[in-house]
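Colleague: What follows is a structure written as structure tokens; I'll ask about it next.
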Amino acid sequence: MPNESATQEMTDGFHLVIDALKLNGIDTIYGLPGIPITDLTRMAQAEGIRVISFRHEQNAGNAAAIAGFLTQKPGICLTVSAPGFLNGLTALANATTNCFPMILISGSSEREIVDLQQGDYEEMDQLAIAKPLCKAAYRVLHAEDIGVGIARAIRSAVSGRPGGVYLDMPAKLFSQTMEAQAGKRSLIKVVDAAPRQIPAPDSVQRALTLLKDAKRPLILLGKGAAYAQADASIRALVEKSGIPYLPMSMAKGLLPDNHAQSASAARSYVLAEADVVLLVGARLNWLLSHGKGKTWGGDKAKDRKFIQIDIAPTEMDSNVAIAAPLVGDIGSCVSALVDGMGANWAKAPADWTSAVYERRDKNVVKMAETLSKNPPVMNFHSALAAIREIVKANPEAVLVNEGANTLDFTRSIVDMYQPRKRLDVGTWGIMGIGMGYAVAAAVVTGKPVIAIEGDSAFGFSGMEVETICRYKLPVCVIVFNNNGVYRGTDVNPSGGADVAPTVFVKGARYDVMMEAFGGVGVNATTPAELSKALKEAIASGKPTLINAVIDETAGTESGRITSLNPQTAAQKK
Ligand code: ADP
């Protein structure tokens, strides 16, 4: 607290942290109070920062990460020392992997004791542990350095390829005092935190030449393109070039999924056949089969050329050769391409585009037939057929999605219509992001949030339904309950009393969890019941959990990534 007895007005570490964050436009902290940061959360709230308190730091961290993705400002996660820090670290590593800007600020024990390993309360060399798992890590020891520490953390998180930053604040820092005016002067308002990076003109030309000569071009949009908030330029590129495009999962909605040039329902065909592929903020990692092999047409791969737009120059050639690297920020690169096309750019060859759209339309009809079935026991398809109509009617709603089959089916069945409305398991295919993402999406956007959760995935962050109720957030959680991981029918091969490792309590009522905290719980066994409950949840904005009872025999092992299980992989060889 400022020392009122002194003649000079004083400030302290607590207030310098808060003032530095506010000075940089940070208005929300996601965290969990405890020693030594409890007072920081109280004072931050008193000073007008919104403090969202979670039940587990990993969920607070995930909330901060996705807030970063949605706003281009680093999401702040605040934790206690050692165990709290470690709980937040998973989210920090995940944010870095996904290129989301986030800052994990953790209180820590005193350096003198930690370094001599004398056994302090929650002793841990947190800075050393965080370093290899994030983009940058800093420690602030003196109150007068708080401004610099926070400025460096912000710049590191959002400039270039965004990522996670760790900021270590030993307990003693918070109570250090200094003269208030000097404290104010020590703070830094970061100017141009993520400077535009204009692509070199010859790189633009190289890319345009390849695009111009392409017979079967394809544009692939990744979540980097969604993050960049260059929505109008991206639409102009797609429409002016006439090239079919494929959105990666979190790029869905960048252009509406029912756009005339969407190739989503002809994914296998376009990946195997395209001769020139323009990657916009998407990496050729496992999610894109590393740009080679069967998915990419086997032998045909040798004639394929890639153009890649990315802010990270070292991303180029990471998996296959990139014929035309275009290094810069997506907004600048895409605008440069659109400008370079000029007024008379010839659209993508019609024989190619009509072949793509013909396949797509056939698959869309097939899917519609499947979705129109209403089997006696609700399954993924019939449940999602109901949900997809409600998402269509509420395009501003944010959809959070995790699970195995629940993820795969939702991604392919539920169309998105606006940018940055689909938030999911991302690059790691991680489970546990659900409630953290849902809370932050509601806090940041103020729009309805629909979280479609596998029953297993929900378990990782389910306790945060209390957080959702406490802050009265307009979140509707739908748990696809098929009694287990993947499905609920496995049996214990030994004949013993324990159920199989993948099986949960049969007939569990997740909806009652939400009721326990004053929210609305609904047990839905038919698409009609599910549809009614979801519509009501969106209309009322009340925290709701729908226990959607799904056929327990539905679902395949690991969803669409069965091939990654060691035994399945070995059998294939
Ligand atoms: P997806 O999983 O959807 O394919 P990735 O996370 O693999 O997407 O790829 C996102 C890519 O976007 C990263 O390589 C990252 O460097 C890049 N990126 C993120 N923001 C920008 C930006 N503003 N400008 C250019 N590239 C960006």
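Colleague: How much of the DSSP bridge set in the chain is antiparallel, in percent, rounded to the nearest 5?
Modeller: Rounded to the nearest five, the antiparallel share is 5 percent.
Colleague: Taking the simple approach of a point 7 Å from Cα along Cα-to-Cβ for both Asn285 and Ala393, what is their distance in nm?
Modeller: Reported label-point gap for Asn285 and Ala393 is 3.7 nm.
Colleague: Any idea what the alpha-carbon Rg over 2.2 N^0.38 Å comes to for the stretch 486-556?
Modeller: For the stretch 486-556, the normalised Cα radius of gyration comes out at 1.38.
Colleague: Applying the Karplus parametrisation 6.51 cos²θ - 1.76 cosθ + 1.60 with θ = phi - 60° to the phi angles of the stretch 504-515, what ³J(HN,Hα) value in whole Hz is obtained for each residue in order, glycine and proline being reported as x?
Modeller: 9, 4, 6, x, 4, 10, 4, 4, 5, 4, 5, 4
Colleague: Which far-off residues, 5 or more places away or on another chain, put their amide H under 5 Å from the one on Arg216, with H placed in the peptide plane?
Modeller: Amide H neighbours of Arg216: Asp275, Val276.
Colleague: Do any of Lys73/Lys472; Lys506/Lys542; Lys215/Lys421; Lys421/Lys472; Lys223/Lys532 go past 22 Å between their Cα atoms, and which?
Modeller: The answer is Lys73/Lys472; Lys506/Lys542; Lys215/Lys421; Lys223/Lys532.
Colleague: Now a separate question. Return the distance in nm (one decimal) between the two label points of a simple spin-label model at Arg470 and Gln205, each offset 7 Å from Cα along Cα→Cβ.
Modeller: Result for the modelled spin labels: 6.0 nm.
Colleague: Please compute the length gained on full extension between Thr489 and Asn319, using 0.36 nm multiplied by the number of residues separating them and subtracting their Cα-Cα distance.
Modeller: 57.3 nm
Colleague: Note down the net charge around Asp424, summing +1 for each Lys or Arg and -1 for each Asp or Glu among other residues with Cβ under 10 Å from its Cβ.
Modeller: +3
Colleague: What nm distance separates the two modelled labels at Ile35 and Asp213, each placed 7 Å from Cα along Cα→Cβ?
Modeller: So the label points at Ile35 and Asp213 sit 6.9 nm apart.
Colleague: With a cut-off of 8 Å between alpha carbons and a minimum separation of six or more residues, what is the relative contact order of the chain in percent?
Modeller: So the answer I get is 12 percent.
Colleague: If you take all C-alpha pairs in the chain, what percent of them are over 37 Å apart?
Modeller: 37
Colleague: At R0 = 51 Å, how high is the FRET efficiency between Arg509 and Asn344 if r is their beta carbon distance? Nearest 0.05 is fine.
Modeller: Plugging the Cβ-Cβ distance into 1/(1 + (r/R0)^6) gives 0.20.
Colleague: How much net charge surrounds Ala528 when only the other residues with a Cβ under 14 Å from the Cβ of Ala528 are counted, with Lys and Arg +1 and Asp and Glu -1?
Modeller: Result for the local shell: -1.
Colleague: Please report the net charge: other residues with Cβ closer than 12 Å to the Cβ of Tyr138, K and R +1, D and E -1.
Modeller: Net of charged neighbours comes to +3.
Colleague: 5 Å is the cut-off here: which amide hydrogens, built 1.01 Å from N in the peptide plane, fall below it relative to Phe504, excluding neighbours closer than 5 in sequence?
Modeller: Placed amide hydrogens put Gly484, Val485 under 5 Å from Phe504.
Bear in mind that the values in this text are calculations on the coordinates, not laboratory data. Quantities reported herein were computed from a predicted structural model and do not represent experimental measurements. No Cβ is skipped: glycine too gets one built from the backbone with ideal geometry, and neighbour counts run over all protein chains shown.
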